[in-house]
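Asks: Quick one: structure below, then a few questions.
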Amino acid sequence: MRDLLKIADLTAEDLAEILILSERGDLARPLEGRGVALVFQKPSARTRNSMEMAVVQLGGHPIYIQKDEVGLGTRETAEDVARTLACYHSIIAARVTDHRDLDLMAAATETPVLNMLSDTDHPLQALADLLTVKQLVGRIDGVRIAYVGDANNVCRSLAEASALAGAELVVASPQGYGLETVMDALPDGVRQVADPAEAVRGADIVYTDVWVSMGQDAETEARMSAFSGYRVDAALMAACPEAWFLHCLPARRGEEVAAQVIDGPRSAVWRQAENRMHTARGALAWMLSR
Ligand code: CP
Ligand code: NVA
């Protein structure tokens, strides 16, 4: 049994296997009669629903646990929450404010722990992102992805996944919000630049995420000002006429992306959202097969 706390926990072979499992419609029901705990310290639409349905498709029973129910780190320590949930469930999945809580949970139990988003990583999102790239472009190796905006949890997992799968990723962020703030060294094939126009040149995919992530509300004013030149708008998309647009969602139209881009013909965000369910199923099946 394997934890999946960040994309860097995977080898290139693991990642390829998860993507293959994600597209298979004939998976057995390895979760028959078994439970998966879904602990959320933050809100979610896609992750909760895609995970619940993936668990059901694998024959299992998902239990959605809201922020105040188990009180991760408040009512009870993260370790004791994990030990408790391990009594009933085959996998413990958690969306946490502080990634260290996932490490504590994983260390406290043999039951595999799955990261459903932390302050530093969003591996389930990156799996869906790469599956979407593969479906849109026909391959991942050598594909050029431009990420414009905040080098956050989503960007970091995308960077690690791109490197593993051989995609080229160019990230454009303002000073102080680049990948160097979250990674000691940039993986192979990943570049950080300041200019969005430079990032999207020759891109097959243009990707962005919100300027203010969950829990960063106190920084809203500073972030709005720092990111004002980093909107993915029609002019930026015109500089890469072949590129698809992706966004992990939720989106803020008029902030990081113009409505005519996210709602336009080159946007594949709904296919990407659907792929969250297929890759959640692939990731769960992979974890159970270890
Ligand atoms: N992309 C994503 O993780 O969406 P939710 O926050 O709605 O789960
Ligand atoms: N970066 C965003 C992603 C939401 C899916 C956040 O952490 O809020």
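Asks: Using DSSP to call loops (not H, G, I, E or B), can you name the GluC sites (Glu not before Pro) in the stretch 14-94 whose Cβ has at most 16 other Cβ atoms within 10 angstrom?
Replies: Passing both the DSSP loop test and the Cβ count: 32.
Asks: Same structure again: So for each of 190-200, 34-44 I average, over its residues, the number of other beta carbons within 10 Å; can you give me the resulting order with the highest mean first?
Replies: With the highest mean Cβ count within 10 Å placed first, the list reads 34-44, 190-200.
Asks: Could I ask something else about it? Whose amide H sits under 5 Å from the amide H of residue 147, counting only residues 5 or more places off or on another chain, with H placed in the peptide plane?
Replies: 170, 171, 172, 207
Asks: Helix-only estimate, please: 222 nm mean residue ellipticity of the chain, summing -39500 (n - 2.57) across DSSP H runs of length 4 or more and dividing by its residues, to the nearest 500.
Replies: Roughly -11500 deg cm²/dmol at 222 nm, from the helical runs in the chain.
Asks: Can you tell me, using C-alpha contacts under 8 Å and at least 6 residues apart, the relative contact order of the chain as a whole percent?
Replies: Across the chain, relative contact order equals 22 percent.
Asks: For a quick check of your reading of the filter: which trypsin sites (Lys or Arg not before Pro) in the stretch 50-128 sit in a DSSP loop and have no more than 15 other Cβ atoms within 10 Å?
Replies: 75
Asks: Also, I was wondering about something else. Could you tell me how many degrees, from 0 to 90 and to the nearest 10, lie between the Cα long axis of helix 269-289 and the main elongation axis, the longest principal axis, of the Cα atoms of the chain?
Replies: That helix lies at roughly 40 degrees to the long axis.
Asks: Still on this model: Helix 12-23 versus the longest principal axis of the chain: what is the Cα-based angle in degrees, 0 to 90, to the nearest 10?
Replies: 80 degrees
Asks: A further question on this structure: Pairing the Cα long axis of helix 123-137 with the longest principal axis of the chain, what angle in degrees results, from 0 to 90 and rounded to the nearest 10?
Replies: Approximately 50 degrees, to the nearest ten.
Quick note: the coordinates plus some simple rules give every number you see, no bench work behind them. On a predicted model such as this, the values are computed, not experimentally measured, just so you know. All Cβ positions, even for glycine, are placed from backbone atoms using ideal geometry, and neighbour counts span all protein chains on display.
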